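Enquirer: Here it is, the structure, as structure tokens.
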Amino acid sequence: MKILIATGGTGGHIFPAIETAKALRVRGHEVTFGGVLGPVEERIKALDFPVYSLSAKGLNDRSFLGWVSFSKIMVQAIFRSFGVVQQCGPDKIIGFGGYGAFPVVMAGVLMSRPVLIHEQNVVPGKANLLLSKVVKKVAISFEGSRTYISRSKAVWTGCPSLLSVLPSRADGLAAFGLQGLKKTIVLVGGSQGSQRLNEIFFELMKDLVPAGFQAVHMTGARDFPLYEKRYKEANLPVKVFAFINNMPDAYAAADLVISRSGAATVTELGNLGIPAVLVPYPFAGNHQKYNAEVLAKAGVATIVEQKDLDKMTLKEAVTRMLLANFSREMILEKTKGLFQKEAALQLALVTEGL
């Protein structure tokens with residue numbers, strides 16, 4: 001079967017799409033990507049998936065002229081997407097939300113192809129809310145999304161993510177050259193990093209290191225040179241990376257994760273049983289706050305909103321979570337039934353039955 005995956009924009013849309021593509025390929029399907037892929041296009045090509053790349057951008061200027069410009073660009077992208085669908089000739093199309101996927105999904109609907117969309121967040125984005133009215137099925141990551149999607153269309157598949165099992169803690173610590181007797185915090189500020197979170201965490205580690213802490217800090221590419229230099233000058237036991245490629249080792253090493261709360265991250269933390277302090281990205285409709293609440297309501301994460309974020313609030317949240325002394329087994333028990341296992345496979349099966 002030929003499957004066209006429509007995606008683009010941020011890592012939150014793209015990484016679940018890639019994991020689903022892998023699952024579909026294992027099951028013998030021919031998978032092609034289409035959408036506004038940006039820099040991740042080379043990453044997809046490196047996995048030997050054919051790519052049709054479009055040009056478009058999100059709605060940043062919400063003035064009247066901004067809407068006119070956005071509408072013009074999107075209409076042009078939809079017309080180009082007719083050609084993509086025609087050339088690819090897919091039996092099924094899966095969209096992964098956002099402006100990057102929208103033109104391909106809409107073209108597929110207008111060309112009467114069977115279309116499924118996947119919503120990563122608890123509260124759907126505007127593009128998927130609109131598309132949910134015209135596609136055949138909507139795969140959801142969290143049961144809470146049923147509030148926003150027609151119950152006849154919603155299918156709970158979970159959010160495809162990279163990780164399902166972990167190395168041992170000893171292997172995780174060894175991968176980063178960390179000590180076994182110290183508490184380890186892993187900071188993951190999202191695929192693009194977080195400037196404010198980076199700054200506050202650096203100041204916090206100056207307080208925590210004397211108390212026996214060490215850390216792994218993913219800064220994002222923009223801030224990496226600055227913090228690599230600052231940690232070295234401060235002589236702090238913090239391993240600094242622009243992007244962490246070996247996340248299984250990072251999670252295995254972690255006594256606590258501090259992170260944004262994208263759907264894939266929340267799913268990984270819940271499925272792997274890792275306590276967390278979550279700082280939701282405050283923009284883009286505040287979707288991440290609702291994702292974070294899935295873990296917070298289960299009692300295995302503390303939320304610190306960006307507007308309240310400073311060294312003291314972050315330190316208090318870290319202290320609270322570590323004093324809870326959660327084992328991974330305790331967290332897995334508390335999150336039972338909240339997350340799907342093997343979400344990429346679940347999504348592949350729904351696609352096959354579309």
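The values are calculated or read from the model by the stated rules, or taken from the named source; none is laboratory data. Since we're looking at a predicted model, the values are computed, not measured. Here the Cβ positions follow ideal geometry from the backbone for every residue, glycine too, while neighbour counts run over all protein chains shown. To get the accessible areas, we keep the full protein, side chains included, count just its heavy atoms, and leave off ligands, DNA and RNA. Shrake-Rupley method; radii C 1.70, N 1.55, O 1.52, S 1.80 Å.
Enquirer: Does Arg113 satisfy being at negative phi, at pLDDT 95 or above and touching an Asp or Glu at 6+ places or on another chain (Cβ under 9 Å)? Outline the logic, then answer.
Expert: On the way: at negative phi: yes; at pLDDT 95 or above: yes; touching an Asp or Glu at 6+ places or on another chain (Cβ under 9 Å): yes.
Here the answer is yes, as Arg113 does meet what is asked.
Enquirer: Moving on to the next point. Can you name the number of the only condition in (1) of a type in the set (D, E, K, R); (2) closer than 30 Å to Phe96 by Cβ; (3) touching a Leu at 6+ places or on another chain (Cβ under 8 Å) that Asp223 fails?
Expert: Among (1) of a type in the set (D, E, K, R); (2) closer than 30 Å to Phe96 by Cβ; (3) touching a Leu at 6+ places or on another chain (Cβ under 8 Å), the lone unmet condition for Asp223 is (3).
Enquirer: If you don't mind, there's one more thing I want to ask. Which condition number does Ala296 fail, the rest of (1) of a type outside the set (Lys, Arg); (2) assigned to a helix (DSSP H, G or I); (3) under 21 Å from Gly12 (Cβ atoms); (4) in contact (Cβ under 8 Å) with a residue 24 or more places away in the chain being met?
Expert: Exception for Ala296: condition (4).
Enquirer: From Leu162, Leu226, which residue is under 26 Å from Val122 (Cα atoms), among the hydrophobic types (A, V, I, L, M, F, W, C), open to solvent by 50 Å² or more (accessible area, probe 1.4 Å) and out of contact with any strand residue (DSSP E or B) (no Cβ under 8 Å at 6 or more places or on another chain)?
Expert: So the residue among Leu162, Leu226 that is under 26 Å from Val122 (Cα atoms), among the hydrophobic types (A, V, I, L, M, F, W, C), open to solvent by 50 Å² or more (accessible area, probe 1.4 Å) and out of contact with any strand residue (DSSP E or B) (no Cβ under 8 Å at 6 or more places or on another chain) is Leu162.
Enquirer: Something else: Note down all Cβ pairs under 9 Å where the first residue falls in region 333-354 and is within 23 Å of Ala292 (Cβ to Cβ), the second is open to solvent by 70 Å² or more (accessible area, probe 1.4 Å) and not charged (D, E, K, R), and they're at least six residues apart or on different chains.
Expert: Lys341/Ser164
Enquirer: Between a residue in region 263-289 that is under 16 Å from Asn128 (Cβ atoms) and in contact (Cβ under 8 Å) with a residue 40 or more places away in the chain and any residue that is among the charged types (D, E, K, R) and not in a helix (DSSP H, G or I), which pairs come within a Cβ distance under 8 Å, given they are 6 or more apart or on different chains?
Expert: Qualifying pairs under 8 Å: Gln288/Arg260.
Enquirer: Take region 332-351 and flag every residue that is in a loop (DSSP other than H, G, I, E, B) and of a type outside the set (Val, Ile, Thr). Walk me through how you get there before you give the answer.
Expert: If we filter region 332-351 for residues that are in a loop (DSSP other than H, G, I, E, B), which is where we start, we get 335-342.
Correct list: Lys336, Gly337, Leu338, Phe339, Gln340, Lys341, Glu342.
Enquirer: Say we look at region 296-323 and pick out the residues that are in contact with a Lys or Arg (Cβ under 9 Å, 6 or more places away or on another chain) and of a type in the set (A, V, I, L, M); which of these is nearest to Thr335 (Cα to Cα)?
Expert: Looking at residues that are in contact with a Lys or Arg (Cβ under 9 Å, 6 or more places away or on another chain) and of a type in the set (A, V, I, L, M), I get Ala298.
Enquirer: Let me ask something else. Give me the pairs: first residue in region 27-44 and closer than 19 Å to Ala344 by Cα, second residue surrounded by 16 or more Cβ atoms within 10 Å (Cβ to Cβ) and of a type outside the set (A, V, I, L, M), beta-carbon distance under 6 Å, and six or more apart or on different chains, which are they?
Expert: The qualifying pairs are Val31/Arg25; Val31/Phe49; Thr32/Cys88; Phe33/Phe49; Gly34/Tyr52; Ile44/Phe33.
Enquirer: Can I ask one more? Mind listing whichever residues of region 207-223 are part of a helix (DSSP H, G or I) and surrounded by 15 or more Cβ atoms within 10 Å (Cβ to Cβ)?
Expert: Leu208, Val209, listed by residue number.
Enquirer: Residues to consider are Val26, Val36, Val51, Val105; find the one that is open to solvent by 80 Å² or more (accessible area, probe 1.4 Å) and either modelled with pLDDT under 95 or among the aliphatic types (A, V, I, L, M) (or both).
Expert: On the way: Val36 fails: open to solvent by 80 Å² or more (accessible area, probe 1.4 Å); Val51 fails: open to solvent by 80 Å² or more (accessible area, probe 1.4 Å); Val105 fails: open to solvent by 80 Å² or more (accessible area, probe 1.4 Å).
On inspection, the qualifying residue turns out to be Val26.
Enquirer: While we're looking at this one, here's another question. Which residues, taken from region 247-258, are modelled with pLDDT of 95 or more and either open to solvent by 10 Å² or more (accessible area, probe 1.4 Å) or not in a helix (DSSP H, G or I) (or both)?
Expert: Correct list: Asp249, Ala254, Asp255, Leu256, Val257, Ile258.
Enquirer: Please specify each residue of region 316-331 satisfying the condition of being in a helix (DSSP H, G or I) and buried (at least 16 other Cβ atoms within 10 Å of the Cβ).
Expert: Ala317, Val318, Met321, Leu322, Ile331
Enquirer: Suppose we filter region 90-102 for residues that are at pLDDT 95 or above and either surrounded by fewer than 24 Cβ atoms within 10 Å (Cβ to Cβ) or more than 17 Å from Pro160 (Cβ to Cβ) (or both); how many remain?
Expert: Within region 90-102, residues that are at pLDDT 95 or above and either surrounded by fewer than 24 Cβ atoms within 10 Å (Cβ to Cβ) or more than 17 Å from Pro160 (Cβ to Cβ) (or both) number 3.
Enquirer: Another question, if that's okay. Please list, ordered by first then second residue, the pairs with beta carbon atoms under 9 Å, 6 or more apart or interchain, first in region 1-12 and within 14 Å of Met106 (Cβ to Cβ), second of a type in the set (D, E, K, R).
Expert: Leu4/Asp91; Leu4/Lys92; Leu4/Arg113
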